[in-house]
There are 2 protein chains.
Amino acid sequence: MNCSRFFLLSFSVCLIVSHPQAQTVELKHKDIAAKLLETGLRNCEAFSMLKELCEKAPHRLSGSEGAATAVELTKKMMTERGFDKVHLESIMVPHWMRGEEECWIIPEASIMPQTMRLQRLEVCALGGSIATLDDGIQAEVVEVKSLQEAKALGEKAKGKIVFYNRPFDATKLNTFEAYGGAVDQRSRGAIEAAKVGAVAVLVRSMTGIIDDKPHTGQMNYADTVKKIPAAAISTLHANQLSELLKKQKLVKVHLKLTPQTLPDVESANVVGEITGSEKPNEVIVVGGHLDCWDKGQGAHDDGAGCMQAIEALNLLKKIGVKPKRTIRAVMFMNEENGNRGGKAYPVAPERKGEAHIAAFESDAGGHAPRGFNVKGDSTLLQKVLRWKPLFGMYDAGNIQIGYGGVDISPLLDTGVAGFGLLPENHRYFDYHHSDNDTIDKVNPRELELGAIVEAMLCYLISEEGL
Amino acid sequence: MNCSRFFLLSFSVCLIVSHPQAQTVELKHKDIAAKLLETGLRNCEAFSMLKELCEKAPHRLSGSEGAATAVELTKKMMTERGFDKVHLESIMVPHWMRGEEECWIIPEASIMPQTMRLQRLEVCALGGSIATLDDGIQAEVVEVKSLQEAKALGEKAKGKIVFYNRPFDATKLNTFEAYGGAVDQRSRGAIEAAKVGAVAVLVRSMTGIIDDKPHTGQMNYADTVKKIPAAAISTLHANQLSELLKKQKLVKVHLKLTPQTLPDVESANVVGEITGSEKPNEVIVVGGHLDCWDKGQGAHDDGAGCMQAIEALNLLKKIGVKPKRTIRAVMFMNEENGNRGGKAYPVAPERKGEAHIAAFESDAGGHAPRGFNVKGDSTLLQKVLRWKPLFGMYDAGNIQIGYGGVDISPLLDTGVAGFGLLPENHRYFDYHHSDNDTIDKVNPRELELGAIVEAMLCYLISEEGL
């Protein structure tokens, strides 16, 4: 497009047309909403913080050196921005560590096409997996599309590597729904395959794109079932392996994984706040999880959510808001493989004398926010919907009943109102849990808008209650 | 985020809460809406077409070989997909051609910091600019932030290069507004600078990001004012030049531009349709512009809009819709530097006996659609708002009064109802008119959703009228 005539009319026009409740929003709230927008977009500080986090602590899996660095760094970020009561809340976390890993197709000279010989398959151990033997496993591959098909293999699975290869359903508008429709292969695939005698599993990466990056993520074992090694395979190589299986009767692969589960390590949730001026013991939490997988930089998952929480408080301070209630940023530790931070927070000794009003999590990536989920009943939803026009000012007025977040779930289980940021989600699983999740995939303005939405909702709850 | 619990409730819940008119939408329309979504997302054919266009005809400025290739290619795309009455509508278009171009800071040994010596500045001629002398221009640079400041230079501008350096206003939520607030420097900068005796202008690139890519775009001359050469300078180098001007009194640059304006060339709008089954002479146009600047590949601007128009018709055919009225895809030629295609369409001989009902343009990039503008009065808006819940199914329910598009403007001036797709816009000007505008910046799902929105609106207008 060429000329400057392409302008949207101001949002107020559209709001008045479609949302009669626009009239009821107080003028001072509109003023705060506008100030947050202007102040946030001017510097996009969430992005500069995220860049620092990604560069200094790219790998932040619980128990790792990166996680420890991230704890210190975010504590420093909060302190430097003048937050109140910045402190660590100690927890013990699991310590799973990836080692060397390799996988290739074992050539069968007489039948395998020349081009496929010795082809390397890009794989990575799934989180929590045990290791293979030192020399790796050499076994025949059998492809299935579901846990059901794996069970149905019966004797045929014995001694083999079960290859779960059901792709994302591309026709889902919401990619989280496509993820939800495929992720049982990762979470329960090893259990079902072991039951029928398989020696390992390869699981198609949880993404809708085709590339050579494996996507890790937590897998599970059952106490009563033999543990077998489990790896994610890139979608490109999953497709190639599947094609080869169609062409020839027998395909054998070599798979070597060497992860270790080490003793638990001391780590922490990182906490800082703006203490409420009138009701300091009534608390609104805003947060994300500081740990991430040991692939990429955890930029979208969930460095974004952490930096947005810090920036939300930073913005409120910058524009001079002194909230009635306490607004608290929490960097939860260990969402990815245990949620120890989320479970510890509501029962920590520091909670004594506190009453929590709400918790707002951002853990769906740093893309432009469309709105937020409300985890509660329709009465709560109706209360929040009176503020819809204010979020329309950010083009983020989609407010709907939905999920809050893993980290805040234990807190919400105590009856606290929950909120989950809803960013644009089409690109999220292109990056998620893989080497693709790096800072260059994050747009500073889109990330900042999430922080602005969080700041505004926390402010409104602080001033008006729920 | 780790687990699969993060689900949005189905959109219907949210729609019923916030949009009571949801009840009034006919079930058959919902069914069509769902089919379009499923069929579109399954293959994302708009993207594969766009990839082909970008690879085969990356530079499609009017009059160029690339533009001619694009005309043939899109005609072929429509024919292969079984569109009715695929044809070209001939027009004459301007033919401006970029040549070599270079710009560097002329070292002043005694005062310039060592690091700045002979530094190259990334520039490109603005569209329509005349050339410099064969040896280039060597002149002192004077920086201004506005046309007003340029005028105020008076005698001080004489013999100098005026450097317009007002950046985008980052605080605007809508980047098109930031663009609109800066683009007068590009469109009128040369005129105002020439009036006060300047020999050339350098204009800060029209983008909010800082990088070394100059962004071109059309500039204007006035009949009564001397023509002087005009170039865009990358934002990175604009900042560096500005810093240098602060440090030392005198900065001279060498600027060489060698564009030519050649005789007009025959080109065409490319037209194909699904002829209406009941009212074939009542026409709904959907389109974008096929020409683009000679930088990058014109992926977002506006290959995206063209491919979405073809895909919109393709989707309707795929799901078996036989529209009552004619739905027509138009690839307009020459939006960027003349809008000859847009102007020719309403008065072409082929229009005889036709009545146009609506025109829908996509020319704001291929990012995820948020909704669409309605160019018309509030009566028209109210009519369209009854369909809002259907577009909510695509998370694209923002329907508001606003601009349609450059190409369709001449048609809208005849009283036709206009519509302009509203995609997410934060990243658009990062790419616009520069080498950054390439196919890798386009997400297949996001692009496809735009086509789905277009298909749905065209279908609704066809079946229900306006």
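The values are calculated or read from the model by the stated rules, or taken from the named source; none is laboratory data. On a predicted model such as this, the values are computed, not experimentally measured, just so you know. Cβ placement follows ideal geometry from the backbone for every residue including glycine, while neighbour counts extend to all protein chains displayed.
The table that follows gives values for the structure above.
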read-out: B:Gly450 vs. criteria touching a Phe, Trp or Tyr at 6+ places or on another chain (Cβ under 6 Å) and within 13 Å of chain A (Cβ to nearest Cβ); value: no
read-out: Hey, B:Leu380 facing chain A (nearest Cβ under 8 Å) and outside any loop (DSSP other than H, G, I, E, B) or not; value: no
read-out: Of all residues in the stretch A:332-363 being in a strand (DSSP E or B) and buried (at least 17 other Cβ atoms within 10 Å of the Cβ), the one that is farthest from the other protein chains (Cβ to nearest Cβ); value: A:Ile357
read-out: Matching residues in the stretch B:396-412 - criterion: being touching a residue at least 60 places away in the same chain (Cβ under 8 Å) and either surrounded by fewer than 24 Cβ atoms within 10 Å (Cβ to Cβ) or among the β-branched types (Val, Ile, Thr) (or both); value: B:Val406, B:Ile408, B:Ser409, B:Pro410
read-out: Selection within the stretch A:384-437 - outside any helix (DSSP H, G or I), facing chain B (nearest Cβ under 9 Å), closer than 22 Å to B:His426 by Cα and out of contact with any Phe, Trp or Tyr (no Cβ under 7 Å at 6 or more places or on another chain); value: A:Tyr394, A:Asp395, A:Asn398, A:Glu424, A:His426, A:Arg427, A:His432
read-out: Residue within the stretch A:364-373 that is of a type in the set (A, V, I, L, M, F, W, C), in a strand (DSSP E or B), closer than 24 Å to A:Glu424 by Cα and in contact with a helix residue (DSSP H, G or I) (Cβ under 6 Å, 6 or more places away or on another chain) present; value: no
read-out: 2 or more residues in contact (Cβ under 8 Å) with a residue 24 or more places away in the chain and among the charged types (D, E, K, R): qualifying strands (runs of 3 or more DSSP E) within the stretch B:219-307; value: B:252-257, B:260-274, B:279-289
read-out: Qualifying residue in the stretch A:145-158 (condition: of a type outside the set (Val, Ile, Thr), under 26 Å from the mean Cα position of the chain (by Cα) and closer than 21 Å to A:Thr261 by Cβ); value: no
read-out: Candidate set: the stretch B:161-209, residues that are without any contact (Cβ under 8 Å) to a residue 40 or more places away in the chain, within 11 Å of chain A (Cβ to nearest Cβ) and of a type in the set (Val, Ile, Thr); chosen: the one surrounded by the fewest Cβ atoms within 10 Å (Cβ to Cβ); value: B:Thr171
read-out: Complete set of residues in the stretch B:413-440 that are in contact (Cβ under 8 Å) with a residue 40 or more places away in the chain and small (Gly, Ala, Ser); value: B:Ala417, B:Gly418, B:Gly420, B:Ser434
read-out: Check on B:Leu466, surrounded by fewer than 23 Cβ atoms within 10 Å (Cβ to Cβ), more than 9 Å from chain A (Cβ to nearest Cβ) and not small (Gly, Ala, Ser); value: yes
read-out: Residues of the stretch A:309-331 classified as more than 14 Å from every other protein chain (Cβ to nearest Cβ), surrounded by 24 or more Cβ atoms within 10 Å (Cβ to Cβ) and part of a helix (DSSP H, G or I), total; value: 7
read-out: Residues of the stretch A:56-83 classified as part of a loop (DSSP other than H, G, I, E, B) and surrounded by 24 or more Cβ atoms within 10 Å (Cβ to Cβ), total; value: 5
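For (1) assigned to a helix (DSSP H, G or I); (2) within 10 Å of chain A (Cβ to nearest Cβ); (3) at pLDDT 95 or above; (4) under 24 Å from A:His432 (Cβ atoms), each residue gets a yes or a no:
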position	(1), (2), (3), (4)
B:Cys14	yes, yes, no, no
B:Val17	yes, yes, no, no
B:Ala22	yes, no, no, no
B:Met49	yes, no, yes, no
B:Cys54	yes, no, yes, no
